[in-house]
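Student: I'd like to ask you about the structure that follows.
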Amino acid sequence: MASEELIVDVSSLEKAAATLRELATDLQASQVDLFVLEWADAPRSHPEVARVMRGFGEFAHDQYRAAVALFAALATKVGAAATGYRLADESIAQFLADSTYRPPR
């Protein structure tokens with residue numbers, strides 16, 4: 001059975017976290033406010049059409065906010081993973097630098 005190595009590029013994880021954070025920020029800034037649904041209220045449209053449009057708009061708005069929250073949470077988790085890998089690498093490097101090899105007697 002061949003052993004598979006796990007190689008983690010910390011800078012790649014940090015870039016991915018930054019990209020997710022930027023995506024969440026951009027989406028948050030460009031979301032449509034619900035007040036635009038008032039344009040479809042009666043008498044501009046049939047009351048039933050206005051009701052359905054409001055229901056769809058509120059659902060879409062909630063889904064949009066959930067997607068923004070998901071990207072922000074993923075950015076946090078990926079950033080934390082990158083920090084954990086970086087600290088582990090630094091700790092192991094420090095341990096090895098401070099260690100002295102003593103051959104067996």
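Where a number appears in this text, it was derived from the coordinates with a stated rule and is not lab data. Given the structure is predicted, the values throughout are model-derived calculations rather than measurements. Positions of Cβ are backbone-derived with ideal geometry, glycine not excepted, and every protein chain shown enters the neighbour counts.
Student: In Å³ and rounded to a whole number, note down the convex hull volume per residue for the Cα atoms of the chain.
Tutor: Here the figure is 144 Å³ per residue.
Student: Which net charge results for the neighbourhood of Arg86, defined as the other residues with beta-carbon distances under 14 angstrom from its beta-carbon, given Lys and Arg at +1 and Asp and Glu at -1?
Tutor: That sum, taken over residues with Cβ under 14 Å, equals -3.
Student: Assigning unit charges at the beta carbon (Lys, Arg +1; Asp, Glu -1) and nothing else, what dipole magnitude in debye, to the nearest 20, does the chain show about its Cα centre?
Tutor: 240 debye
Student: At 7 Å along the Cα-to-beta-carbon direction for both Ser99 and Ala60, put a label point, then send me their distance in nm to one decimal.
Tutor: 5.9 nm
Student: Angle, helix 47-98 long axis vs. longest principal axis of the chain, Cα atoms, 0 to 90°, nearest 10?
Tutor: 10 degrees
Student: What do you get for the angle between helix 10-29 and the principal long axis of the chain? Use alpha-carbon atoms, 0 to 90 degrees, nearest ten.
Tutor: 10 degrees
Student: Peptides 7-16, 69-78: what's the order by average Cβ count within 10 Å, highest mean first?
Tutor: Output ranking for 7-16, 69-78: 69-78, 7-16.
Student: Go through 27-40, 50-63, 91-104 and give me the packing order, highest mean Cβ count within 10 Å leading.
Tutor: Put in order of decreasing packing, that is 50-63, 27-40, 91-104.
Student: For region 10-96, calculate the relative contact order in percent as a whole number, restricting contacts to Cα pairs under 8 Å that are 6 or more residues apart.
Tutor: 53 percent
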